[in-house]
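Step one of this worksheet: look at the structure below.
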Amino acid sequence: MTKKRVVVFSGAGLSAESGIPTFRGSDGLWENHRIEDVASPDGWARDPKLVLNFYAMRFEKVQSVQPNAGHRSLADLQEKFDVINITQNIDNLLERAGCNNVWHLHGRIDYQKCERHYDIFGLRDSYFNCDFKSEISKPVQWGDKCPKCGAQLRPDVVWFGESVDMRRGYLEELIETASIFIGVGTSAQVYPAAGLLTLFEETEQKFFIDPNPAYEALLGFEVIKSTATAVLPELVQRLLQAE
Ligand code: OAD
């Protein structure tokens with residue numbers, strides 16, 4: 001029998017209880033930096049060393065924390081369901097918890113790519129485009145060169161002003177085939193990712209978990225105002241038992 005499909009859409013709130021802070025604090029800064037200085041192509045052009053230092057700190061942080069009960073319960077869900085995780089998070093906590101199908105909309109901190117990768121200039125066919133990407137075990141340093149073309153390497157994360165690979169055909173397939181949709185820990189303010197919540201309106205069973213949800217009511221959703229670790233283990237048990 002084919003397993004029913006569950007699509008899980010997560011944001012920073014899923015990893016908050018592992019010790020990785022969410023983005024939208026009251027001061028609008030990330031670790032004392034303006035977002036445009038550390039997460040935009042312009043910031044990279046102005047001061048690449050500052051950007052690399054910032055991501056080196058974030059890399060070390062991610063490697064030093066552990067998946068929480070929320071991540072682990074999403075891995076448990078795979079026992080009876082075909083689970084697809086779509087995440088805005090650049091950490092690897094879902095993978096480390098055992099989730100085997102994770103689509104990172106905003107890239108991954110534990111990967112590097114060439115600074116000439118088309119994402120940064122939008123020049124897919126350009127002479128300058130280089131598609132080099134690889135997994136890393138230590139942060140990218142100033143002076144680390146692309147083995148393919150010799151340009152500077154950078155973290156494989158999506159910055160403001162860069163395009164998100166929405167894989168439209170695949171997304172349409174997920175919208176048509178999902179039986180259950182779970183949104184967790186996102187303020188749903190950054191597009192195009194934020195639009196996913198309403199794209200799954202036709203899905204049979206829908207949940208949204210966030211202690212301070214941006215949407216109090218979402219059409220047809222069960223909105224649960226609590227944290228990922230308080231809700232996900234119970235919800236997952238409920239879904240597994242009903243199956
Ligand atoms: P945000 O920081 O905008 O939102 C985090 C959400 O998590 C908020 O709605 C919180 O209420 C909720 N939250 C906090 N603690 C939680 C917990 N323990 N359990 C569940 N929910 C909790 O983060 P994102 O929505 O992920 O983009 O932000 C989206 C994008 O904005 C990020 O991917 C990043 C950022 O700019 C890029 O870097 C391109």
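The residues in the range 217-235 that are open to solvent by 80 Å² or more (accessible area, probe 1.4 Å) and within 12 Å of the ligand (Cβ to nearest atom) can be counted, and the count is 1.
Evaluating Leu52 against the criteria (1) among the hydrophobic types (A, V, I, L, M, F, W, C); (2) within 26 Å of Val8 (Cα to Cα); (3) touching a residue at least 60 places away in the same chain (Cβ under 8 Å) leaves one unmet condition, (2).
Condition first: part of a loop (DSSP other than H, G, I, E, B) and open to solvent by less than 90 Å² (accessible area, probe 1.4 Å). Now tell me which residues in the range 128-140 satisfy that. The answer is Asn129, Cys130, Phe132, Ile136, Pro139, Val140.
Evaluate the following for Ala214: is it hydrophobic (A, V, I, L, M, F, W, C), within 16 Å of the ligand (Cβ to nearest atom) and open to solvent by less than 80 Å² (accessible area, probe 1.4 Å)? So Ala214 fits the description; yes. Looking at the range 1-38, which of its residues are part of a loop (DSSP other than H, G, I, E, B), closer than 21 Å to Pro155 by Cα, among the aliphatic types (A, V, I, L, M) and more than 15 Å from the chain's Cα centre (by Cα)? Answer for the range 1-38, where residues must be part of a loop (DSSP other than H, G, I, E, B), closer than 21 Å to Pro155 by Cα, among the aliphatic types (A, V, I, L, M) and more than 15 Å from the chain's Cα centre (by Cα): just Leu29. Scanning the range 156-175 turns up at least one residue that is open to solvent by less than 30 Å² (accessible area, probe 1.4 Å), touching a residue at least 60 places away in the same chain (Cβ under 8 Å), within 12 Å of the ligand (Cβ to nearest atom) and charged (D, E, K, R).
The values are calculated or read from the model by the stated rules, or taken from the named source; none is laboratory data. Computed from a prediction, not measured in an experiment: that's the story for all the values here. Cβ sites come from the backbone with ideal geometry, for glycine too, and all protein chains shown count toward neighbours. Side chains included, ligands, DNA and RNA excluded: accessible areas come from the protein's heavy atoms. Shrake-Rupley method; radii C 1.70, N 1.55, O 1.52, S 1.80 Å.
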